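Mind looking over this structure? Questions follow.
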Amino acid sequence: MANISVCNVSLDFPVYSMSGRSLKKQLLRFGAGGGLVRDARDRVIVEALRGISLKINNGDRVAIVGRNGAGKTSLLLTLAGVYEPTSGCIESEGEIASLIDLSQVGDPDGTGYENIRLRGLMSGLKPREIDALASDVEEFTELGSYLAMPIHTYSSGMMMRLFFGVATSVKPDILLMDEWLSVGDASFMQRARRRLDALVGRSNILVLASHSENLIREICNRAILLDRGQLIADASVDCVLERYRETWQQSAAE
């Protein structure tokens with residue numbers, strides 16, 4: 001059974017390009033989260049996450065909510081293993097699939113088919129399974145002969161279709177998503193939404209960072225609220241969204 005255990009996780013980013021004062025002004029201006037400290041070498045440190053602890057169980061559909069810069073994407077990327085925690089630990093059971101930033105996936109000099117095969121090999125698929133994966137992605141993306149061309153020749157829309165098709169072809173135990181993806185025109189979006197719905201249904205755990213209350217209420221049974229890198233609330237969707245509105249109003253009044 002899939003599960004995720006996050007124990008006292010913190011994530012720090014040292015900043016070398018500007019002074020602490022100017023960085024603090026920028027963070028305040030754009031509403032970015034995280035605290036500012038100086039380490040023993042007098043470097044400015046942005047504390048993206050601070051002491052996060054939570055347990056996500058099999059069957060959970062968890063929404064991560066918070067203002068821009070609150071740490072939502074940082075937490076997702078840490079759960080995905082892209083960022084290593086500065087302190088604390090994360091333990092998980094089950095295969096993880098990440099739909100956070102599709103533009104960072106793939107070999108630009110490889111063809112569409114080569115990128116599909118690469119994803120299949122990385123997922124440990126057998127040759128027969130990779131052939132089935134390629135057929136599925138070919139049918140879904142409708143890219144036709146473009147799949148035989150290097151993907152650096154693709155338009156941004158074609159690139160997103162390919163990466164979306166490949167990413168959603170897996171059957172993960174744990175699915176991590178940053179917002180609901182936009183990958184093309186209205187007709188394609190309808191098919192993409194159906195494909196995403198099926199992917200979410202196949203996963204044992206979903207962790208979704210989103211600003212959309214309607215989407216969160218539709219698919220999530222639990223929510224957590226982040227503010228400036230800290231876990232503020234972990235409860236039902238209704239309770240957390242109400243707390244979020246209160247936090248937002250309080251911050252706006254300050």
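What follows is calculated from the coordinates using simple rules that are stated; it is not laboratory data. These figures come from a predicted structure and were not determined experimentally. Note that each Cβ is placed from the backbone with ideal geometry, even for glycine, and that neighbours are counted across all protein chains shown.
When DSSP assigns beta bridges and you keep just the ones with both residues in segment 121-245, what percent turn out antiparallel, to the nearest 5?
50
Run the simple label-point estimate for Ser53 and Cys7 please: 7 Å along Cα→C-beta, distance reported in nm.
1.0
Could you tell me the distance between the Cα centroids of segment 74-93 and segment 108-145, to the nearest Å?
So the two Cα centres are separated by 28 Å.
With a point put 7 Å past each Cα toward its Cβ, work out how far Asn68 is from Glu179 in nm, to one decimal.
1.0
Counting other beta carbons within 10 Å of each Cβ, put Asp107, Asp60 in order, fewest first.
Starting with the residue having the fewest Cβ neighbours, the order is Asp107, Asp60.
Evaluate the distance, in nm, between pseudo-label points positioned 7 Å from the Cα of Leu215 and of Glu93 along their respective Cα→Cβ axes.
3.0
OK, next. Can you work out ³J(HN,Hα) from phi for every residue in segment 62-79, in order, using Karplus 6.51 cos²θ - 1.76 cosθ + 1.60 and θ = phi - 60°, giving whole Hz and x for Gly and Pro?
Values, residue by residue: 9, 9, 9, 10, x, 5, 4, x, 6, x, 4, 5, 4, 5, 4, 5, 6, 4 Hz.
While we're looking at this one, here's another question. When a/c reaches 1.5 or more, the comparison of a/b and b/c decides; with that in mind, is segment 49-116 rounded, prolate or oblate per its Cα gyration tensor?
Prolate, because a/c is 1.5 or more and a/b exceeds b/c.
Enumerate the amide H contacts of Ile232 below 5 Å, restricted to partners 5 or more residues apart or on another chain; note that Pro and chain-start residues carry no placed amide H.
Those qualifying (amide H under 5 Å, at least 5 residues apart or on another chain) are Leu225, Leu226, Asp227.
Taking a ≥ b ≥ c as the square roots of the Cα gyration tensor eigenvalues, with a/c under 1.5 meaning rounded and otherwise prolate when a/b beats b/c, else oblate, which class fits segment 102-203?
It is oblate, given that a/c is not under 1.5 and a/b is not larger than b/c.
Sticking with this structure for a sec: Which order do peptides 120-128, 233-241, 141-149, 165-173 fall in by mean Cβ count within 10 Å, highest first?
165-173, 233-241, 141-149, 120-128
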